[in-house]
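As structure tokens, the structure follows; a few thoughts come after it.
The values are calculated or read from the model by the stated rules, or taken from the named source; none is laboratory data. Nothing here was measured: the structure is a model prediction, and the numbers come from that model. Ideal geometry is used to build each Cβ from the backbone, glycine not excepted, and the neighbour counts take in all protein chains shown.
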């Protein structure tokens, strides 16, 4: 690991100032589960770390009351996952948290910074000698003609097909969540769906927030859709692994007819992927294995397979279909 | 000695382990100790043309940087299978040559670990690359070596032929022919490769988790031009071995040289990513199986041909057909094994190295045969059981395959199985599959020189060869001495894994218990004999401590030498010089194998086709079980390994860059707790007294053999699909 | 708290104050093992992928390999060495691990036990399936999972009983 200086700050404003004034190579440090991992690999080489875990006023969970759900960015994944109201009223959100990583990591990682988790692509992580436009712009993309079983089917480009590996963001996108961020000029709000970029020909640019912008909170509009929701995750083992495919779905049922549905998929695209076409195919339809599967196919529309990942189109469609059946079951209980 | 079964007893080192007090190599610390880290080659093959260590040396706290330029005086260690000591014949950094991606090219030693790691990251090198091939399936003909025609010892590695299997197969009314593959896999014990090297008055002292302290000792002596008496290797505990730590590793001498140059002890812990290229692995192999049967189901012919990956510089041999040839009473048999050179580090042992894959191939074919005959898979196996070793025609010293199958079937509820694929369903819509397979593993014995000392206070110290890697060797030794000497196991101290106390033959091949237990038993007999001469009165009913006290003696020590049936005393020379000195599984007049039967239930999710293994029943024939608790844990662990090998693990080969791509514990998928359901284990527990005086047979590896074909057969039973390439993944079943 | 070199920190480890100057890059794991002589927590991967380094930080289980020591300044750490009582009596979880042979080589064991104790206190030991899921952050290559789950079930009942 390269040497760095370390500073703790007492307020969000101090944090932003420290990063804004610290020059390139100054980064926020929260739980460290992404940043320290990549620093040990030499992929991230910050010269200065600004520790924001002490910002207790951002460590909040508000799920009571009539207004939005609000999660301070410094709330721990484990604590948000365990919130009883969230479990009851928005199971997909809770599941998208506890189906990620391990409880040890969920005790360290915070829900705001978790959105900025980076890809697990081995060519990106393991450095030299692998060509990687994200890590080293212009060096090429070793995954295109390489081992790409786990790479993206959607949102990729000739420069990069690295998958966005997170779970929490998928569920947030399904529920139209927003983030408030604090920058030099003050606070601004953006949808979580607008947070991540597709690689295009600038895969090294992953988000639409500036390095000095600090995520303050995540806000989710209340919706009765939350109750009959799930985050379904398929991986190469039963736990402690990233998604081969995942789906955050929510349904509002009127008897056997779907009033409204939300569908977002994970593990399959270069960013969290909301599937409005799939939602449209479901609205007003009876939920059957066939209509569920049709929604899954719609969710994967436009998928561009590589040599090794074609099976995940089928898998992704089935994941959406199964998720819808699970969610619908929750509408009945 | 009593013929009775041994009682359940706690693992003797469990207390220390649950307190975190059992010290592994990297837990040790020394005054003035420096930390070391390695820089590794980034080309798939070639040689280093220039190496820049200036930036590394400039890092605050860095004290030493070594490259090939510093180490050209090192002797090569020799390959373990060619009379040498190393897991491979080439010593990294002894020349500028790079044989594979990930080979170490520099060592940086510093006052702190952080400085050493930073230093290593700042080493830069340029290379003259050469073309290379890491895909055995694409190797040219000249890289494929017929094992029987190779320089490997002819008496062990010849092609097996009994009768005319090809002709008999051609004429057989029922035929099965299928090809199977197993990918490269890595042992990945939890403990990283770790060495502390220290020089004290001209003696090199090595703390390292190893399965072969004597090979490490003699290998280092050879490399450094020392007398072996100037080298000590100490390995009281390993955090898992599984074959990875079988012999002299590549990094050990580098730590020793650094320690000598610095005049300070050096600790080198190889990080997980580097472990994938720093030590051996299970090579990729392909198997072609042909089974011929008559219409009653008698197996009249079996042909097993295998191709296995090896390195460019060494021939790591295979004994696949030694295992498959023993599964049933085949009327005729032919086994042929070939090795395929690729540009990797030399592969090696990984739990059940040949037997696990051989049993996967042949037992999967047997299940296909059962379906071709429309016969129950258990009944077919029982009908082809044999008490005679098909390859030598001598009897097995013990074989309880039939009993394993019968008891397992009963316990599992096999009679409720309906044969047709997809015919059994669970209430949640999952389709159920039930599969069965047997497995087998050869038994060997290595020579032992054992010293047993007792003192008047009642303590007993046993010193002999062995390495504790969690199999419970210390517990089993304490149990045998407890029984023979009439003392509680807590009064027994077992010193193993230490070249200072007794010669330390490699502990592998499941021969550890079969070698050490009879040696301990013989030592106990010698001690009792010596005690009986100490004074009047019968020794019976009195402990050794009481006898000594009565005779006015402080202590008494005996030494015994024990070897395998058929061995001469010359083997003790081999033992003491760090060479392989095992004998088996063929002995004069009998052949000894361990056997197992596994019954597996899988459930395949209807939509996304995840395969779960909720239930396994395993019946083991490993002779007398001296330590039931640790043996049961070994068996369960073997089943977990089998699940991993069949449904999870593959080292991903990168053909353009060389090496393995998924070089960490997130991407190399081993089973987690949530992958494992119920595993029931039972032992036949009948001693094999022809094999050794206590009747123990090996258990550590037989327990993984047969799991893979049982799972694959269960998957077929559930889905109708035969998956012949491991690991079985969702994409095979969608 | 700015420094290029070593930073003085004070950790409260197993109830005892420990003062140590650390490289900002040093992980809590490496400080415990190399500076404080507490080698119970083990390094299996150094990237938060195996759980062998699990300790408690202010009562929560965390992976110490991805925790910077400087982030732990002034905070409370519990390791395996502090789990048994001062008189040496084993914690019920430690005893249960012995009774159910929930270990083999012992390398992952300290991390498993620290994780297991927290798992029970979190309320995540209510069923076999829940234990399996919530203990999946601790790899055991020896495959002692069946024993581990049985031990946790056993100890959970005792821990409730007080």
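Structural remarks
- Residues considered: A:41, A:36, A:29. Of these, the only one that is at pLDDT 95 or above, within 30 Å of residue B:658 (Cα to Cα) and crowded, with 20+ Cβ neighbours inside 10 Å is A:36.
- Checklist (1) outside any helix (DSSP H, G or I); (2) surrounded by fewer than 24 Cβ atoms within 10 Å (Cβ to Cβ); (3) within 11 Å of chain B (Cβ to nearest Cβ); (4) more than 12 Å from the chain's Cα centre (by Cα) applied to residue C:49, failing item: (2)
- Filter result for residue B:205 (part of a strand (DSSP E or B) and surrounded by 23 or more Cβ atoms within 10 Å (Cβ to Cβ)): no
- Test for residue A:82: is it assigned by TED's automatic domain parsing to the domain that holds residue A:101, touching a helix residue (DSSP H, G or I) at 6+ places or on another chain (Cβ under 7 Å) and buried (at least 17 other Cβ atoms within 10 Å of the Cβ): no
Residue-by-condition table, conditions (1) more than 20 Å from the chain's Cα centre (by Cα); (2) away from chain C (no Cβ under 12 Å); (3) touching a residue at least 12 places away in the same chain (Cβ under 8 Å); (4) over 16 Å from residue B:188 (Cβ atoms):
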{"position": "B:617", "(1), (2), (3), (4)": "yes, yes, yes, yes"}
{"position": "B:623", "(1), (2), (3), (4)": "no, yes, yes, yes"}
{"position": "B:626", "(1), (2), (3), (4)": "yes, yes, yes, yes"}
{"position": "B:633", "(1), (2), (3), (4)": "no, no, yes, yes"}
{"position": "B:643", "(1), (2), (3), (4)": "no, no, yes, no"}
{"position": "B:658", "(1), (2), (3), (4)": "yes, yes, yes, yes"}
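- Index of the failed condition, residue B:711 passing every other in (1) outside any helix (DSSP H, G or I); (2) in contact with a helix residue (DSSP H, G or I) (Cβ under 6 Å, 6 or more places away or on another chain); (3) at pLDDT 95 or above: (1)
- Residue list for segment B:124-162, restricted to those being closer than 14 Å to residue B:322 by Cβ and either in contact with a strand residue (DSSP E or B) (Cβ under 7 Å, 6 or more places away or on another chain) or in a helix (DSSP H, G or I) (or both): B:147, B:148, B:155, B:156, B:157, B:159, B:160, B:161, B:162
- Top-ranked residue of segment B:714-734 - restricted to ones that are in a loop (DSSP other than H, G, I, E, B), under 29 Å from the mean Cα position of the chain (by Cα) and in contact (Cβ under 8 Å) with a residue 60 or more places away in the chain, ranked as nearest to residue B:414 (Cα to Cα): B:722
- Of everything in segment B:355-392 that is touching a residue at least 60 places away in the same chain (Cβ under 8 Å) and not in a helix (DSSP H, G or I), the residue that is farthest from residue B:45 (Cα to Cα) is B:375.
- Scanning segment C:97-116 for residues that are surrounded by fewer than 24 Cβ atoms within 10 Å (Cβ to Cβ) and either assigned to a helix (DSSP H, G or I) or at pLDDT below 95 (or both) turns up C:98, C:99.
- Single unsatisfied condition, residue B:37 versus (1) over 30 Å from residue B:482 (Cβ atoms); (2) free of Cβ contacts under 8 Å to residues at least 60 places away in the same chain; (3) more than 11 Å from chain C (Cβ to nearest Cβ): (2)
- Under the condition of being more than 7 Å from every other protein chain (Cβ to nearest Cβ) and either under 20 Å from residue B:17 (Cβ atoms) or surrounded by 24 or more Cβ atoms within 10 Å (Cβ to Cβ) (or both), the residues counted in segment C:126-137 number 1.
Table: residues versus (1) assigned by TED's automatic domain parsing to the domain that holds residue B:610; (2) modelled with pLDDT of 95 or more; (3) buried (at least 24 other Cβ atoms within 10 Å of the Cβ); (4) within 26 Å of residue C:105 (Cβ to Cβ).
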residue: B:433; (1), (2), (3), (4): yes, yes, yes, no
residue: B:457; (1), (2), (3), (4): no, no, no, no
residue: B:475; (1), (2), (3), (4): no, yes, yes, yes
residue: B:479; (1), (2), (3), (4): no, yes, yes, yes
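- Residue selection: residue B:352 fails the criterion of being in a strand (DSSP E or B), touching a helix residue (DSSP H, G or I) at 6+ places or on another chain (Cβ under 9 Å), surrounded by 24 or more Cβ atoms within 10 Å (Cβ to Cβ) and not assigned by TED's automatic domain parsing to the domain that holds residue B:208.
- When segment C:138-162 is filtered for residues that are away from chain A (no Cβ under 11 Å), at pLDDT 95 or above and not in a helix (DSSP H, G or I), the ones remaining, listed by number, are C:140, C:141, C:142, C:143, C:144.
- Which numbered condition residue B:449 misses (of (1) buried (at least 24 other Cβ atoms within 10 Å of the Cβ); (2) under 23 Å from the mean Cα position of the chain (by Cα)): (1)
- Selection of segment C:71-94 for residues being part of a helix (DSSP H, G or I), farther than 30 Å from residue A:49 by Cα and more than 8 Å from chain B (Cβ to nearest Cβ) yields C:82, C:92, C:93.
- In segment A:4-48, the residues that are in a strand (DSSP E or B) and either farther than 15 Å from residue A:214 by Cβ or over 23 Å from the mean Cα position of the chain (by Cα) (or both): A:5, A:6, A:7, A:8, A:26, A:48
- Yes/no for residue B:501 being closer than 30 Å to residue B:587 by Cα, at pLDDT 95 or above, part of a loop (DSSP other than H, G, I, E, B) and touching a strand residue (DSSP E or B) at 6+ places or on another chain (Cβ under 7 Å): yes
- In segment C:16-41, the residues that are more than 7 Å from chain B (Cβ to nearest Cβ) and at pLDDT 95 or above reach residues that are part of a helix (DSSP H, G or I) and surrounded by fewer than 23 Cβ atoms within 10 Å (Cβ to Cβ) with C-beta atoms within less than 6 angstrom, at least six apart or across chains, in these pairs: C:20/C:35; C:38/C:81.
- Any chance residue B:48 is crowded, with 21+ Cβ neighbours inside 10 Å and closer than 15 Å to residue B:109 by Cβ: no
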